[in-house]
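A short worksheet on the structure shown next.
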Amino acid sequence: MKESTFYLLVYTWIAIAIFVFPVIIRIVAPYGRHSSKKWGAVIDNRLGWILMELPALLVFACFFLFGTGNRPAVTWIFFSLWLLHYLNRTLVFPFRLRTKGKKMPLAIVLMGNGFNFMNGFINGYFLGTLATPDQYPLGYFLDMRFIAGILIFFAGMFINWQADTILIHLRKPGETGYVIPQKGFFRFVSCPNHFGEILEWTGFAVMTWSLPGLSFAVWTVVNLLPRALHHHKWYKATFPDYPAERKAVFPFFL
Ligand code: NDP
């Protein structure tokens, strides 16, 4: 693929994210607490998660490993961080969920698949084929963009993993109900899992300092900000004693 064609694709991908944001914010994604039978065929929740996330792992890894570029040293760090996140999200997280008997619409799995395929391709192709040693020389390890980006990434990963763990342990094995989470960053926001994930991919965008990285950060906000706002509204409507000072996703702000 010509480099100019690739970048046109990435700009279009970012434009689509901005265009669909006002739509996504009006539609409550029908899985988990918002699950709905109106969205057609459903599959097992755990299997749904694995199938939905698998392209992010496989497509990204294939395009990186079989790319025709130089793959400068720092790109292997980007590759490893991506793998660390998606090995957890695809092959560990679904088996930790206490989600017995729950279903997910197939439509959500297919939409998630589409997103993960495109996102995996864009970032894998960029790092495996287009990234050059001029862009990422050995000294890039000491570059402020790399240092700041990796710190933001790990702060986000810590918040995301801690929040996932707190949520999972709110239920005893076999339970399926909901309670108000009180620990960790839940003291500040209703959805620290989403806040952490937004931080992670913002950090990735900063450390790669690339348009593909930026496109992932933009899409993460577009996917997760509406979900966090819907969760927050649901908590306030469901629990009369829900902490009034708690924000939805960004501490002290929103
Ligand atoms: P949720 O917070 O909706 O659910 C996470 C798990 O915790 C589910 O098993 C849920 O059960 C359970 N749970 C949530 N709240 C409570 C509660 N109050 N009491 C008891 N159990 C609860 O997370 P998401 O499904 O939205 O996301 C899961 C992970 O995937 C997050 O880390 C998120 O950042 C990531 N993600 C990333 C996306 C991206 O674009 N990068 C897109 C979507 C998710 P149940 O399923 O029964 O509701």
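The numbers here are math on the coordinates, done by the rules we state, and not lab data. This structure is a prediction, so every number in the text was calculated from the model and none was measured. Every residue, glycine among them, receives a Cβ derived from its backbone with ideal geometry; neighbour counts consider all protein chains shown.
So here's what we get for this one:
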quantity: Test: residue in the stretch 150-172 that is closer than 20 Å to Asp241 by Cα and assigned to a loop (DSSP other than H, G, I, E, B); calculated: yes
quantity: Selection from the stretch 69-79 of residues that are surrounded by fewer than 20 Cβ atoms within 10 Å (Cβ to Cβ), under 21 Å from Ala148 (Cα atoms) and over 16 Å from the mean Cα position of the chain (by Cα); calculated: Pro72, Ala73, Trp76, Ile77
quantity: Test: residue in the stretch 115-128 that is exposed (fewer than 15 other Cβ atoms within 10 Å of the Cβ), on the phi < 0 side of the Ramachandran plot and not basic (Lys, Arg); calculated: no
quantity: Every pair of residues 6+ apart whose Cβ atoms lie under 7 Å, when the first sits in the stretch 213-228 and is touching a residue at least 40 places away in the same chain (Cβ under 8 Å) while the second is of a type in the set (Gly, Ala, Ser); calculated: Gly213/Ala205; Leu214/Ala205; Phe216/Ala205; Val218/Ala17; Trp219/Ala17; Val222/Ala17; Arg227/Ala29
quantity: In the stretch 119-151, residue nearest to the ligand (Cβ to nearest atom) [restricted to those that are among the hydrophobic types (A, V, I, L, M, F, W, C) and touching a Pro at 6+ places or on another chain (Cβ under 9 Å)]; calculated: Ile122
quantity: Output for the stretch 80-92, where each listed residue is surrounded by fewer than 19 Cβ atoms within 10 Å (Cβ to Cβ) and either outside any helix (DSSP H, G or I) or within 10 Å of the ligand (Cβ to nearest atom) (or both); calculated: Asn88
quantity: Matching residues, the stretch 216-236, being more than 9 Å from the ligand (Cβ to nearest atom) and basic (Lys, Arg); calculated: Lys233, Lys236
quantity: Residues being without any contact (Cβ under 8 Å) to a residue 40 or more places away in the chain and within 16 Å of Gly213 (Cβ to Cβ) - total across the stretch 102-123; calculated: 0
